[in-house]
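Each remark here refers to the structure printed beneath this line.
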Amino acid sequence: MKRTRFLIPSLVAAGFGVPTDALATTPQLSLGNDDPNKATLFDIFKQGHLVTLAEHRSHSSHRSHSSHRSGSGGHYSHTSHTSHRSSTGGSYGGSYTPPAYEAPEPVTPPPPRRILPLRSAQPGEATPPPADALPTLSGRTERFKSIVKRVQIALLAQGYYQGAIDGIVGPGMRAAIRKFQGARDLPVTGTITSEVLDALRVSSE
Amino acid sequence: MIELTLPALAEAPLPFVARLRTRRQDDAHRDDAFLCDEDDAGVTFAGAHGLLAIDGMASAALDGDVVLVQPDGGRVERLLRAGSPHNTLLVTERCDQLCVMCSQPPKKTHIDRFALLEQACLLAEADSVIGISGGEPTLYKGQLLSLIERIVAARPDLAFHVLTNGQHFEAADVARLRNPLFAHVLWGIPLYARDPGLHDLIVGKTGAFARLEQSLAHLVMSGARIELRTVLVQDNLAELPALARYVTTRLRFLHAWSIMQLEHVGFARNRWAQLYVNHSRDFAPIAAALDHAKLHGMPARLFNFPRCTVPEQYRYLAAASISDWKRRYVETCGSCREREACTGFFEWHPDAATAGVHPL
């Protein structure tokens, strides 16, 4: 009695009396009650695994296969073979049958599937903590102030600004910029945007 | 070496993110700042946050960069450099491990920059892979996962490589991590030895190995992609074959196993003599580990191993792994045929440890 009950599953496990395509059976596996999505194991493990080692990239463009297709068999170059081995693991079984290719004519290849190369990130690759002493260059202050002054002069000329031409963006200047931006239908930010520079023709170009 | 931080003067009082542009382009974004002035000392951009004057770099080198501007610190951080495959965001400097060779020693304080980093990611170049590092990013697991979910939903062309010590994944995370959005994430997780005691010693935390095994179980239930990372030190060199057996039997679900040479920075700087392995003298344990991995179909690779220092039959596994901004070559590399494919040396690699380097 018991023996017969286990006989059938054992035969199935051994591959007897089962559809030959293994994929046809895997989706029926389920993780059981702890799985809220009722996702199958197959679904979980196949999920968009896009990554391939950089060395295997050539594999995706099935260029090497075209020679197989044309029927000039026996030309497996040794190098391409190693890449097969490393990427497909132990899938070379005795039962492997090459897919039947119907049309030998060149077909427009589908857009290449995106393959993410493994990043070579290191621990500590990220932006390092800021150095304490940055080089003291005065260029930025000069450039900054000279543009602010030109904006101040232009706003003064157009009657939006009454303050000093000092190269400092203070509250009075921010208010002036806002007023100007509103009058010109520009995004009102109260900052010196590229639109403000263009509208005032201050840009260096 | 490429500068990641530049002195800057900004009109805005608070930190902000901007993408620097030398000219207007079709994909204009509200966070774009456009070039308005340039001289020998540097460049000036104008965007929604006002003027931004940066010193020390020409506009052509900055075009397309996504920067984090820190007005009070008087600097910009080049978060995502245009055209670079080595962009990494540092989400925290806190960490709950203290690895002997840590290249970026942790700090106690945490500055929350998640919102700014998220804004930066949305401006990333198409199809880029963004690194996330620390510190330990999963100390802020909730924020981290939300950031990934929101960005991948908005930018399905992006992918992430997250460096994590794997100490914080729980059964409760499995359902969330099963979201197909996380197929865009590769988790880089260090494991230094098969022996729990030795691993714990190297990472400076008792029980770390056991906790890592739990996390790996949760991650495999989530269908996560995992790159295991083993940095070579004197203590684990002889243990490498044992680790290879563990990896190929217990961790078959891994996407890759990276065996990495030491970086002369952070803690490793002062402990160089106790840590550094001259692999060109004793490659046998590494070779045994690589052979075992290959035999079992586990893709293993060598990171930070200059090609001429690796026996010829393993040379193809030596990836050009050192990030562009910290890579250099020594004088003898000038005439080397394999220079382009070679990882080179860390900018801060001690010259004494480059002995024996020869052109191929």
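The values are calculated or read from the model by the stated rules, or taken from the named source; none is laboratory data. The structure displayed is predicted, hence computed values, not measured ones. Reconstructed Cβ throughout: ideal geometry from the backbone, glycine too, with neighbour counts over all protein chains shown. Side chains are part of the model used for accessible areas, which takes the heavy atoms of the whole protein and leaves out ligands, DNA and RNA. Shrake-Rupley method; radii C 1.70, N 1.55, O 1.52, S 1.80 Å.
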- Query: Since residue B:45 meets every condition but one in (1) open to solvent by less than 10 Å² (accessible area, probe 1.4 Å); (2) within 16 Å of residue B:117 (Cα to Cα), which condition does it not meet?
  - Reply: (2)
- Item | the stretch B:218-232 - residue that is open to solvent by 10 Å² or more (accessible area, probe 1.4 Å) and in a helix (DSSP H, G or I) and, of those, farthest from the other protein chains (Cβ to nearest Cβ) | B:218
- Task: Within the stretch B:113-123, identify whether any single residue is in contact (Cβ under 8 Å) with a residue 24 or more places away in the chain, at the interface with chain A (Cβ under 7 Å from one of its Cβ atoms) and either within 28 Å of residue A:187 (Cβ to Cβ) or in contact with a Leu (Cβ under 7 Å, 6 or more places away or on another chain) (or both), and answer yes or no.
- Result: no
- Note on the structure: Flagged in the stretch B:288-316 as within 9 Å of another protein chain (Cβ to nearest Cβ) and open to solvent by less than 20 Å² (accessible area, probe 1.4 Å), in numbering order, are B:298, B:301, B:303, B:304
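Restricting attention to the stretch B:83-106, does a residue exist that is free of Cβ contacts under 8 Å to residues at least 24 places away in the same chain and either open to solvent by 10 Å² or more (accessible area, probe 1.4 Å) or facing chain A (nearest Cβ under 8 Å) (or both)?
No: the stretch B:83-106 contains no residue that is free of Cβ contacts under 8 Å to residues at least 24 places away in the same chain and either open to solvent by 10 Å² or more (accessible area, probe 1.4 Å) or facing chain A (nearest Cβ under 8 Å) (or both).
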- Task: Can you give me the number of residues within the stretch A:164-188 that are under 16 Å from residue B:11 (Cβ atoms), free of Cβ contacts under 8 Å to residues at least 12 places away in the same chain and either open to solvent by less than 10 Å² (accessible area, probe 1.4 Å) or in a loop (DSSP other than H, G, I, E, B) (or both)?
- Result: 3
- Item | Count of the stretch B:236-274 residues which are among the aliphatic types (A, V, I, L, M), under 25 Å from residue B:103 (Cα atoms) and not in a loop (DSSP other than H, G, I, E, B) | 10
- Note on the structure: With criteria (1) more than 15 Å from residue B:257 (Cα to Cα); (2) touching a residue at least 60 places away in the same chain (Cβ under 8 Å), residue B:177 comes up short on (2)
- Which of (1) farther than 30 Å from residue B:224 by Cα; (2) part of a helix (DSSP H, G or I); (3) open to solvent by 30 Å² or more (accessible area, probe 1.4 Å); (4) not polar (S, T, N, Q) does residue B:333 not meet, given it meets every other one? (3)
- Message: Restricting to the stretch B:9-56, count the residues that are among the acidic types (Asp, Glu), under 15 Å from residue B:69 (Cβ atoms) and assigned to a strand (DSSP E or B).
- Response: 2
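Condition first: in a loop (DSSP other than H, G, I, E, B) and surrounded by fewer than 20 Cβ atoms within 10 Å (Cβ to Cβ). Now tell me which residues in the stretch B:116-155 satisfy that.
The answer is B:125, B:126, B:127, B:128, B:155.
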- Message: Being more than 7 Å from chain A (Cβ to nearest Cβ) and more than 26 Å from the chain's Cα centre (by Cα) is the requirement here; does residue B:19 meet it?
- Response: no
- Message: When the residues of the stretch B:3-16 are narrowed to those that are over 27 Å from residue B:326 (Cβ atoms) and surrounded by fewer than 21 Cβ atoms within 10 Å (Cβ to Cβ), which ends up farthest from the other protein chains (Cβ to nearest Cβ)?
- Response: B:14
- Query: Can you find even one residue in the stretch B:153-160 that is among the basic types (Lys, Arg), under 23 Å from residue B:133 (Cβ atoms) and within 11 Å of another protein chain (Cβ to nearest Cβ)?
  - Reply: no
- Query: Which condition number does residue B:280 fail, the rest of (1) more than 10 Å from chain A (Cβ to nearest Cβ); (2) open to solvent by less than 50 Å² (accessible area, probe 1.4 Å); (3) in contact with a helix residue (DSSP H, G or I) (Cβ under 6 Å, 6 or more places away or on another chain) being met?
  - Reply: (2)
- Query: Is the stretch B:58-71 home to any residue that is among the aliphatic types (A, V, I, L, M), facing another protein chain (nearest Cβ under 10 Å), touching a residue at least 24 places away in the same chain (Cβ under 8 Å) and open to solvent by 20 Å² or more (accessible area, probe 1.4 Å)?
  - Reply: no
- Query: Is the stretch B:270-277 home to any residue that is closer than 25 Å to residue B:349 by Cα, of a type outside the set (Lys, Arg), touching a residue at least 24 places away in the same chain (Cβ under 8 Å) and touching a Cys at 6+ places or on another chain (Cβ under 6 Å)?
  - Reply: no
- Kindly list the number of the only condition in (1) farther than 24 Å from residue B:249 by Cβ; (2) under 19 Å from the mean Cα position of the chain (by Cα) that fails for residue B:176. (2)
- Task: Kindly provide the set of residues from the stretch B:178-217 that are buried (at least 20 other Cβ atoms within 10 Å of the Cβ) and assigned to a helix (DSSP H, G or I), ordered by number.
- Result: B:182, B:183, B:184, B:199, B:200, B:202, B:203, B:208, B:209, B:212, B:215, B:216
